[in-house]
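A.B. asks: Sharing a structure with you now.
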Amino acid sequence: MGTSGKKPIVPLFILLTMILLLILVWRLGQLTISRDMKSSPLTGYTAPQIASRVERGTIYDRNGTILALEIPYYTCAVMLKSVESLEKTAENLSPILFMTKSEILQKMEGKTTYAMIKQRVSRDERESLQAKISGGLLPGVIIEKRYGRFYPQEYHASQLIGFTGIDNVGLEGLEYYFNDILSPLPQPNETVTTGNDIYLTIDMRIQFFTDRQVEKIAEEHDPDSISALVMNSDTGEILAWTSYPWYDINRYSLTAPEERLNRPAVSMYEPGSVFKIYSLAAILDLEEAQTDENFICDGSYTFTMPNGKQSVISCVAAHGEVGPREILKYSCNGAIAHYALQTDADNFYRKLLDFGFSSSFSLPVPGETAGFLAAPENWSGRTLPTIAFGQEIGVSALQMAAAATPFDNGGMLLKPSVISRIAAPDGKILESFRRKEIRQVISADTAKAVLEMMTAATEQGGTAVQAQAEDVATAAKTGTAQILDPGTRTYSANHVLASCIALLPAADPEYIIYIAVDNPKSGQLYGSTVAAPAVGQIAEDLVSAGLAASSRTNFLVIPGERLNAEIEVP
Amino acid sequence: MLENQPAENKLSTYMLLFVLITVLLLLLATGLSSLYSASYDKAMRLGLQSNYFFRRQFLFSLAGIAAAAVIYFLPIRVIRLLIPLLLVGSIILMLLTLFTSLGETQLGARRWITIGSIGFQPSELVKVSTILFLANYFDKHRDQLRQFSYTVYPAAVVGVFALMIFMQRDFSTTVIFLFVSFSLFAASGTKISYLAYLAALVGIPGILLLFTEPYRVRRLIGFLFKDFDPSGINYQVNASLMAVSSGGLMGKGWGNGDYKYGLLPEVQSDFVFASFVEETGFLGGLFVLLLFGMIAAVGFFGAARLREHDLFLYFLGIGVTSLIVFQAYMNIGVVIGVFPPTGIPLPFFSQGLTSLIVNLGMGGLLSKVLAASGKYRNSIAYQPLDSDRDFQEVLYE
C-alpha cells in the first residue's frame, strides 16, 4: 500500500453526517412539534395578516356610468345537521321564499351538512326569515351575506362586459379577461382589498342610440343576428359595441350560448360589397390598374381565367359607364372585378393584410377571430375579383370597422381599443388609452379620394342614400353578402348579410358606424334598406345629442371658421 | 494483517449488505407511496391520469432494481473497464444537451435530453461516472498522488464536468458534484496544500458565479431575510415550511395532506418531502432521515473496512454514500429551511426517472462495496501504526 487512502478520513465523514442529521432532526422537531416558525434564526418568517375579502373593482363607461358593480346580497341556506325534520323545514320555508315544498326538498336531497336553498333572497324574504329565525322557529336555517355583481345596464354591451359566476370570478368577456385586475389577490395588512376600476371606451349614450336602432332592425327584419360598432375614427376608441341577440347580464344563467356570443369580435363572415371600399383603396393605391379608363357595365362582366376558361360576374343592374367613384355609388361588381384583375394578386393580398384583415388586434376580448384570407398561391382564377367585392374572405365586424380608420387618418391604420383607463382604488390612473398607429396602409391622397368617393353613395341615386342624415353629411357604403350554405356548399339564394358602414361628418370624420345584419327575413335583403337607415339614424342621434358637429352651418357660427374668414379678407 | 480471512458464517459477512438492501427497499417503498399521494392532484391538473407520475416512477424503479442487480453481479474488473466508456458517454450526452436541439429547457434550466416521452438528465450520470473515475484513478496512482501533476489531472476532469453542469444552469447539482468530488480528493491522501489550492480554485469563481444569475441572488436574499417578498421568491419555501409544520407529531394521515392541492409548487419533485411530513408528521420525517443515516452508517463503515485492502472499492464506497446521503440531506434541508432553496431532488422520493435509475444503480454499486467489505469485517479494528502518523504529518505540514 502506498500513502494513498491511509488517512482515516471516514470518521470525519461519519461525524459530518451525524452533525447534519442532528441539525435536520432538531429543525424538523422544531417545525412540527413545537410549531415554532418564528424563534429560529434560520426562518424568521411571520405569516402576514392578509385581507379577508376582496372587493371587485367597478366597470364604468368612458363617462363614469356604472356598467358593473359589486353589491352585497343574502342567501338562505340550511345546516342539515341541526334540522330535526327536513319535511317540516321545507314546509316552513316554502311560503317565505316563494318556493314549493318539493323544490326545497330537492335542494336538500343527497346533502349531508349544508344545502343552499335560495341565492339572492329579496329584502322582504330576508326580513321575514330573520324574524322566524330569531323566534327559534326555523332551526338550522341561516342567512348568509355574500357579495356579487350587479349590472345596471342589463343588456347593453352585455357580451363585451361579460359576467362573474356565483363565486364572483369572471367567466366571460372583460370580467373574465381582467379578472386579476378587477379582483387582485388579497393584500397583507388590510381587512378588505379593493380591486382596480376599469373605464371602457364605450359611451353609454352612443351605445343606447345604437342599441335602439339594432332593436328596430330586429323587430322589422327578424334577422338571425346583428353586429354593430361605433368607433371614434380619430383615435380608434370603440364607443358602442352591440351583439344581438343580447341578454340581461344579471340573468346570465338563463341565457342560450347564441345570446352570449360576442359577435363583433368573434364571428367571421363574408362582408360583401362594403368591402369594396378597401379593395378599391388598395387598387387605387397600388396604381397598377388603369382606373382612369372607365368600365362599361352591361349587367354582367365576363373575363378569361388563367386556365383559359371564361367566367362571369354579374351585377344587380346594368350600370353603364362606371369609374372608381361610380363603383362605390352603384356598388358595381363588374367594374371592381375588372380593375382588380389588372392588379398584381400578391400586392393586392399584402394591401389587404395591411388593412388588418387575416390578423387579430389582440383586444382584451376572449375569442377574437383573425378572420380568414387565403394566401395568393391558393387562389383560384376567380378569387381575386371575388375578394374585390367582398366574398371569399372572412372578416369580423371589428376588422371591418377598424379598417376604415385609414380614411380619416391619412392612410394610417389605428388599433381599436375598448379600454379607456384602469384606475387604482385611490384614483391613481394605472393605464390609460393611447392612440396607437399600427401602420401606413395607403397614401394620404388615396385615403382622401376614397372618402370623397364614399360620399357618392349617399347622394341621390347611390346605394347608401338612406345612410344619409338630415343634419350631417355621411360617407357610406352598403353591402349585401351572399352567405355560404354549409349544407349545399353553395351560396344561398335568400340567406344574406346586409351591412352598411359610414364615416361622419363626411368632411372631417369623427365616427365610424358599422352595422351587419345576418339573415334578414322581412323580404328586404339589401344593406341599403336593412342596415343603411339605422346608420343614418345613429348619425342623426349623434348630432342631436351634440356629439357630432352638424353639417348645416348656415345657422351656426363656428368660431374657428370665422377667424379664418377674417384673416382671408385682406 | 488478516487478509482474506474466511467468513465465519454468511449472515455476518453480509450483515451490512442486508441492512443496506432493507433500507433501500424501505426508502423506495416510502418514496413511491409518498410520490403517489403528492402527485395525483398535480397529474389530474395537467389533464393526465391520476397515477401518471406514480406509474412511470414505479416502472422505472423496477428497471432501476434490475440495473442494480446487473451491476451487483458484474465483476469489478469489468466495471473498471467500463469507466472510460461511461466518461466519454457522459461528455457526449452533456454536449448534446447543451449544444443541440435534443437538449430541452424546463423551468429555465437546460438539463434534459428527450427521448420519446422520457426526459433523460445526463448530469445524474456524470455524478456516478466521475465517482467511478476518481476511485479508479486514485487507486491506480495511489503512490504518485503527493505529486502535484497527479492531482491536477483528475481535478481538471472534475472541473470540466462541473463547468458543463453549471452551463446547464444547474447550480445546486454543481455544488453537490464538487462537494462529493472534493470529499474524494480529501480521502485520496493528496497533500492538504493541494486541497487548499483546489478549494480556492473552485470556491472563489463559484462564489462569483453565484452572483451571475439574478434568481440566485434573490434566493439568497430570500433565505437570509425571511420577510423579503413572501409571495414571490420566498413563497415556495414558506409554503413548504407551513406544510411541514402543519404535520405535527403524527401527521394528518397518509394521503390527507392539503398542500399538494396546488399550494406547494413542485410538490411532486423537489418538495415532495414537505408533503410527506405534512401527512406523516415528525415521526415520518425522522424515519426517513434515519433511513438515510443508516445508508451513511453502513456505507462509510463498509468503506472503512476496505481501506487497507481495496482502494477502488474504498473510494467508491465513500463517493457513492456521500452522494446519496448529502443529496438527501441537502434536499431535506431546503424543504425545512436550513439551506437556501435549490433544485436538488430527494433520492428515491422525488419524481425524476434518471435520478431514480441512477440512485438505484448507485445502490447496486454500494451493495458491491458492502459485499466485498464483509470479507474484512475484522479489519476495521483500529491499527495505530504508521497510517496515523501519516495523517498527523499531513495535517501539520
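A.B. asks: Could you count how many residues in region B:34-55 are part of a helix (DSSP H, G or I) and surrounded by fewer than 17 Cβ atoms within 10 Å (Cβ to Cβ)? Steps first, answer last, please.
C.D. replies: So the first thing to find is which residues in region B:34-55 are part of a helix (DSSP H, G or I), and the list is B:34-45, B:52-55.
Narrowing the set further to residues that are surrounded by fewer than 17 Cβ atoms within 10 Å (Cβ to Cβ) leaves B:41, B:44-45, B:55.
Of the residues in region B:34-55, 4 are part of a helix (DSSP H, G or I) and surrounded by fewer than 17 Cβ atoms within 10 Å (Cβ to Cβ).
A.B. asks: Could you tell me whether any residue of region B:152-161 is more than 30 Å from B:SER101 (Cα to Cα) and over 22 Å from the mean Cα position of the chain (by Cα)?
C.D. replies: Scanning region B:152-161, I find at least one residue that is more than 30 Å from B:SER101 (Cα to Cα) and over 22 Å from the mean Cα position of the chain (by Cα), so the answer is yes.
A.B. asks: If we keep just the residues of region B:137-152 that are charged (D, E, K, R) and in a helix (DSSP H, G or I), which is farthest from the other protein chains (Cβ to nearest Cβ)? Spell out how you get there, then give the answer.
C.D. replies: Taking region B:137-152 as the starting set, the residues that turn out to be charged (D, E, K, R) are B:139-140, B:142-143, B:146.
Adding the requirement that they be in a helix (DSSP H, G or I) leaves B:139-140.
Values: B:ASP139: 8, B:LYS140: 10 Å.
Residue satisfying both the conditions and the ranking: B:LYS140.
A.B. asks: With (1) out of contact with any Phe, Trp or Tyr (no Cβ under 6 Å at 6 or more places or on another chain); (2) of a type in the set (A, V, I, L, M); (3) in contact (Cβ under 8 Å) with a residue 12 or more places away in the chain as the list, and B:LEU306 as the residue in question, which single condition is left unmet?
C.D. replies: With respect to (1) out of contact with any Phe, Trp or Tyr (no Cβ under 6 Å at 6 or more places or on another chain); (2) of a type in the set (A, V, I, L, M); (3) in contact (Cβ under 8 Å) with a residue 12 or more places away in the chain, B:LEU306 is out only on (1).
A.B. asks: Can you name the residue in region A:468-507 that is part of a loop (DSSP other than H, G, I, E, B) and without any contact (Cβ under 8 Å) to a residue 12 or more places away in the chain and, of all such residues, is nearest to A:MET268 (Cα to Cα)?
C.D. replies: Taking region A:468-507 as the starting set, the residues that turn out to be part of a loop (DSSP other than H, G, I, E, B) are A:468-474, A:486-489, A:505-507.
Restricting the remaining residues to those that are without any contact (Cβ under 8 Å) to a residue 12 or more places away in the chain gives A:486-489.
Numbers: A:PRO486: 14, A:GLY487: 18, A:THR488: 19, A:ARG489: 17 Å.
If we take residues in region A:468-507 being part of a loop (DSSP other than H, G, I, E, B) and without any contact (Cβ under 8 Å) to a residue 12 or more places away in the chain, then A:PRO486 is nearest to A:MET268 (Cα to Cα).
A.B. asks: Within region A:193-204, can one find any residue that is part of a helix (DSSP H, G or I) and either crowded, with 19+ Cβ neighbours inside 10 Å or of a type in the set (Gly, Ala, Ser) (or both)?
C.D. replies: The first filter runs over region A:193-204 and keeps only residues part of a helix (DSSP H, G or I), leaving A:204.
Next, only the ones that are either crowded, with 19+ Cβ neighbours inside 10 Å or of a type in the set (Gly, Ala, Ser) (or both) stay: A:204.
Checked against the condition, which is being part of a helix (DSSP H, G or I) and either crowded, with 19+ Cβ neighbours inside 10 Å or of a type in the set (Gly, Ala, Ser) (or both), region A:193-204 yields at least one hit.
A.B. asks: Looking at B:LEU198, B:LEU208, B:LEU134, which one is assigned to a helix (DSSP H, G or I) and without any contact (Cβ under 8 Å) to a residue 12 or more places away in the chain? Show your work before the answer.
C.D. replies: Details: B:LEU198 fails: without any contact (Cβ under 8 Å) to a residue 12 or more places away in the chain; B:LEU134 fails: without any contact (Cβ under 8 Å) to a residue 12 or more places away in the chain.
The conditions single out B:LEU208.
A.B. asks: Which of the residues that make up region B:338-381 are more than 17 Å from the chain's Cα centre (by Cα), of a type outside the set (Phe, Trp, Tyr) and surrounded by fewer than 24 Cβ atoms within 10 Å (Cβ to Cβ)?
C.D. replies: B:VAL338, B:PRO340, B:LYS368, B:ALA371, B:ALA372, B:GLY374, B:LYS375, B:ARG377, B:ASN378, B:SER379, B:ILE380, B:ALA381 - these are the residues of region B:338-381 that are more than 17 Å from the chain's Cα centre (by Cα), of a type outside the set (Phe, Trp, Tyr) and surrounded by fewer than 24 Cβ atoms within 10 Å (Cβ to Cβ).
A.B. asks: Would you be able to say whether some residue in region B:272-295 is among the hydrophobic types (A, V, I, L, M, F, W, C), assigned to a loop (DSSP other than H, G, I, E, B) and more than 7 Å from chain A (Cβ to nearest Cβ)?
C.D. replies: Start the filter on region B:272-295 by keeping residues that are among the hydrophobic types (A, V, I, L, M, F, W, C), which leaves B:272-274, B:276-277, B:282-283, B:286-292, B:294-295.
Of the ones still in play, those that are also assigned to a loop (DSSP other than H, G, I, E, B) are none.
The answer is no; no qualifying residue exists.
A.B. asks: Quickly run through region B:304-329 and pick out the residues that are facing chain A (nearest Cβ under 7 Å), crowded, with 24+ Cβ neighbours inside 10 Å and modelled with pLDDT under 90.
C.D. replies: Within region B:304-329, B:ARG307, B:LEU311 qualify.
A.B. asks: Any idea which of (1) closer than 30 Å to B:ALA135 by Cα; (2) of a type in the set (Asp, Glu); (3) more than 8 Å from chain A (Cβ to nearest Cβ); (4) surrounded by fewer than 22 Cβ atoms within 10 Å (Cβ to Cβ) is the one B:GLU266 doesn't satisfy?
C.D. replies: (1)
A.B. asks: Next up: Consider B:ARG146 against the criteria (1) touching a helix residue (DSSP H, G or I) at 6+ places or on another chain (Cβ under 7 Å); (2) under 25 Å from B:LEU306 (Cβ atoms); (3) touching a residue at least 40 places away in the same chain (Cβ under 8 Å): it satisfies all of them except one. Which criterion is unmet?
C.D. replies: (1)
A.B. asks: Filtering region A:19-44 down to residues that are more than 7 Å from chain B (Cβ to nearest Cβ) and within 17 Å of B:PHE287 (Cβ to Cβ), which residue is modelled with the highest pLDDT? Spell out the reasoning first.
C.D. replies: Quick first cut of region A:19-44, residues more than 7 Å from chain B (Cβ to nearest Cβ) only: A:19, A:22, A:26, A:30, A:34, A:36, A:38-41.
Filter once more, keeping what is within 17 Å of B:PHE287 (Cβ to Cβ): A:22, A:26.
Working: A:LEU22: 94, A:TRP26: 91.
For region A:19-44, the residue satisfying everything is A:LEU22.
A.B. asks: Kindly list the number of the only condition in (1) modelled with pLDDT under 90; (2) surrounded by 12 or more Cβ atoms within 10 Å (Cβ to Cβ); (3) assigned to a helix (DSSP H, G or I) that fails for A:LEU138.
C.D. replies: For A:LEU138, the failing item is (3).
A.B. asks: Do we have any residue at all in region B:339-348 that's at pLDDT 90 or above, more than 27 Å from B:LEU249 (Cα to Cα) and either in contact with a strand residue (DSSP E or B) (Cβ under 9 Å, 6 or more places away or on another chain) or more than 10 Å from chain A (Cβ to nearest Cβ) (or both)?
C.D. replies: No, that holds for no residue.
A.B. asks: Then there is this: Only one of (1) more than 11 Å from every other protein chain (Cβ to nearest Cβ); (2) at pLDDT 75 or above; (3) surrounded by fewer than 17 Cβ atoms within 10 Å (Cβ to Cβ) fails for B:ARG218. Which number is that?
C.D. replies: Among (1) more than 11 Å from every other protein chain (Cβ to nearest Cβ); (2) at pLDDT 75 or above; (3) surrounded by fewer than 17 Cβ atoms within 10 Å (Cβ to Cβ), B:ARG218 violates only (2).
A.B. asks: Pairs needed: first member in region B:240-253, within 7 Å of chain A (Cβ to nearest Cβ); second member anywhere, charged (D, E, K, R); C-beta distance under 8 Å; at least 6 residues apart or different chains.
C.D. replies: Every condition considered, the pairs that remain are B:VAL244/B:GLU278; B:SER245/A:ARG35; B:GLY247/B:GLU278; B:GLY247/B:GLU279; B:GLY248/A:ARG35.
Yes or no, residue by residue, for (1) modelled with pLDDT under 80; (2) part of a helix (DSSP H, G or I); (3) within 14 Å of chain A (Cβ to nearest Cβ); (4) surrounded by 20 or more Cβ atoms within 10 Å (Cβ to Cβ):
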{"residue": "B:PRO154", "(1), (2), (3), (4)": "no, yes, yes, yes"}
{"residue": "B:MET164", "(1), (2), (3), (4)": "no, yes, no, yes"}
{"residue": "B:VAL180", "(1), (2), (3), (4)": "no, yes, yes, yes"}
{"residue": "B:ALA186", "(1), (2), (3), (4)": "no, yes, yes, no"}
{"residue": "B:THR190", "(1), (2), (3), (4)": "yes, no, yes, yes"}
{"residue": "B:GLY222", "(1), (2), (3), (4)": "yes, yes, yes, yes"}
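A.B. asks: Could you check region A:249-261 and list, in sequence order, the residues that are closer than 10 Å to A:PHE163 by Cβ and outside any helix (DSSP H, G or I)? Give the derivation first.
C.D. replies: Filtering region A:249-261 down to residues closer than 10 Å to A:PHE163 by Cβ leaves A:249-253, A:255, A:260.
Result: A:THR255, single match.
A.B. asks: With over 20 Å from A:LEU284 (Cβ atoms) and acidic (Asp, Glu) as the only criterion, which of A:ASP485, A:ASP445, A:ASP408 stands out? Quick ask: steps written out before the conclusion?
C.D. replies: Numbers: A:ASP445 fails: over 20 Å from A:LEU284 (Cβ atoms); A:ASP408 fails: over 20 Å from A:LEU284 (Cβ atoms).
Testing whether each residue is over 20 Å from A:LEU284 (Cβ atoms) and acidic (Asp, Glu) leaves just A:ASP485.
The values are calculated or read from the model by the stated rules, or taken from the named source; none is laboratory data. The structure displayed is predicted, hence computed values, not measured ones. Glycine gets a Cβ as well: all are built from the backbone with ideal geometry, and neighbour counts include every protein chain shown.
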